[in-house]
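K.L.:
Here it is: the structure, laid out below.
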Amino acid sequence: MDTKAFWIAFNRVPGIGPARLAALLDVCGDIETAWRASIQQMQAARLDRRSIELFLDARRAIDPARELQWVQEAGVEAITWKEAEYPALLRVVDGAPPVLYVRGRLTSQDEWAVAIVGTRRATTYGREVAQVLGTELARAGVTVVSGLALGIDTVAHRAAMEAGGRTIAVLGSGVDQIYPPQNRGLALSIVQQGALISEYALGTRPDANNFPPRNRIISGLSRCIVVVEAGERSGALITARFAAEQGRELFAVPGSILSPGSAGCNQLIQQGAVPLLSVNDVLEQLDLVRAADQHEVRTTIPANPLESKVLEALAAHPCHVDEIVRSTAMPSAEVVSLLVLMELKGMVRQVGAMTYARA
């Protein structure tokens, strides 16, 4: 059986999130063995009694082969932690989803992405700013990431597509359950000119509890985040918090101190976010000259499955080449050669003598 079936099946098990699945994999070695884990192995992975009971119940009810068939018949791609196609920026984020469901297509261009987020109750000012940002970023070859919500998100997605660019919408439901319903047409367009992404299994209905966690994916996919307009309790501020935790550059569009819709942005600036005065502020942060060079290298030189092993070795902290060799059990010359190519691709960076970290 295709091992992807077990990844998809795990995604339906309540109580087994990224951390517990990683612990099971450490104990069991691979995803199929983890799915068939004994109670002793579950205990060795430090699953509590409740999680073990839920896992055993789910395992009796879930057929991995049927889950995989459902995904394939829906025309959806499931991308797992272990695959080179998994977005590199998101892979290194704490709590990155083990499985991403994708309608549409991810490309190497998406590694230069900017999130544009904001309130559903956008003012004329906010809409105009989102329109300009989405348009200019798309013309510069930057992928626009947002959450498909009404207001700022909708304007940003549409602007990017109208400018001929790419856009990614991260959902708080399954990719087959479009929310809000007013944006179903927009979602279909995004599938043709980018991708719909979700960590939630097919059939998952939109739920208020799903939206805050999905914001870590919006920021995790992006090199920087722009909050266009946000009230004091806007969900966009959750994305801003994740951006700070993930070490992403955070921009906020300043607004009138008399406008409730700008209160959140002005507060972010007061707390240290960079005030966005021009789209050039974002483009300079992205260093698009270097990005274009890296994109050319990635296009010219195909992905190597061994790159994932090197990235795993660098997951926790920067490593000396010798440490990477020990961790991957690969020949030293091969590791050095891979690191050179991965640095050209923008996947890793040298932080000391023969010492590398994830980019």
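K.L.:
Among residues belonging to region 266-280 that are free of Cβ contacts under 8 Å to residues at least 60 places away in the same chain and assigned to a helix (DSSP H, G or I), point out the one that is farthest from Gln131 (Cα to Cα).
P.N.:
Restricting to residues being free of Cβ contacts under 8 Å to residues at least 60 places away in the same chain and assigned to a helix (DSSP H, G or I), the top hit is Gln270.
K.L.:
Give Glu232, Glu199 a once-over and let me know the one that is in contact with a Pro (Cβ under 9 Å, 6 or more places away or on another chain) and farther than 26 Å from Gly165 by Cβ.
P.N.:
Checking each option against the conditions leaves just Glu232.
K.L.:
Moving to a separate point now. Within region 337-359, restricting attention to residues that are surrounded by 15 or more Cβ atoms within 10 Å (Cβ to Cβ) and hydrophobic (A, V, I, L, M, F, W, C), which residue is modelled with the lowest pLDDT?
P.N.:
Ala359
K.L.:
Right, something else. Just the residues that are touching a residue at least 40 places away in the same chain (Cβ under 8 Å), charged (D, E, K, R) and not in a loop (DSSP other than H, G, I, E, B), please, taken from region 72-97.
P.N.:
Passing the criteria: only Arg91.
K.L.:
Give the number of residues within region 109-145 that are surrounded by fewer than 22 Cβ atoms within 10 Å (Cβ to Cβ), of a type in the set (A, V, I, L, M) and part of a helix (DSSP H, G or I).
P.N.:
So the count comes out to 1.
K.L.:
Being under 20 Å from the mean Cα position of the chain (by Cα) and of a type in the set (Asp, Glu) is the filter; apply it to region 61-93 and report the residue that is farthest from Arg105 (Cα to Cα).
P.N.:
Per the stated criteria, the residue is Glu83.
K.L.:
Something else now. Which of the residues belonging to region 75-94 are more than 22 Å from Lys309 (Cβ to Cβ) and surrounded by 16 or more Cβ atoms within 10 Å (Cβ to Cβ)?
P.N.:
Val76, Glu77
K.L.:
Now a separate question. Residue check: is Leu100 under 26 Å from Leu306 (Cα atoms), touching a residue at least 40 places away in the same chain (Cβ under 8 Å) and either crowded, with 21+ Cβ neighbours inside 10 Å or among the hydroxyl-bearing types (Ser, Thr, Tyr) (or both)?
P.N.:
Here the answer is yes, as Leu100 does meet what is asked.
K.L.:
Take region 242-262 and flag every residue that is surrounded by 24 or more Cβ atoms within 10 Å (Cβ to Cβ) and assigned to a loop (DSSP other than H, G, I, E, B).
P.N.:
Answer for region 242-262, where residues must be surrounded by 24 or more Cβ atoms within 10 Å (Cβ to Cβ) and assigned to a loop (DSSP other than H, G, I, E, B): just Val253.
K.L.:
It is to be established whether one or more residues within region 202-209 are closer than 30 Å to Ala5 by Cβ and buried (at least 24 other Cβ atoms within 10 Å of the Cβ).
P.N.:
Within region 202-209 (the criterion being closer than 30 Å to Ala5 by Cβ and buried (at least 24 other Cβ atoms within 10 Å of the Cβ)), the answer is no, since none of the residues qualifies.
K.L.:
Identify the single condition in (1) in contact with a Gly (Cβ under 6 Å, 6 or more places away or on another chain); (2) free of Cβ contacts under 8 Å to residues at least 24 places away in the same chain that Ser51 does not satisfy, given that it satisfies every other one.
P.N.:
Against the list (1) in contact with a Gly (Cβ under 6 Å, 6 or more places away or on another chain); (2) free of Cβ contacts under 8 Å to residues at least 24 places away in the same chain, Ser51 comes up short only on (2).
The values are calculated or read from the model by the stated rules, or taken from the named source; none is laboratory data. Here the structure is a predicted model, which means the values were calculated and not measured. All Cβ positions, glycine included, derive from the backbone under ideal geometry; neighbour counts span all protein chains shown.
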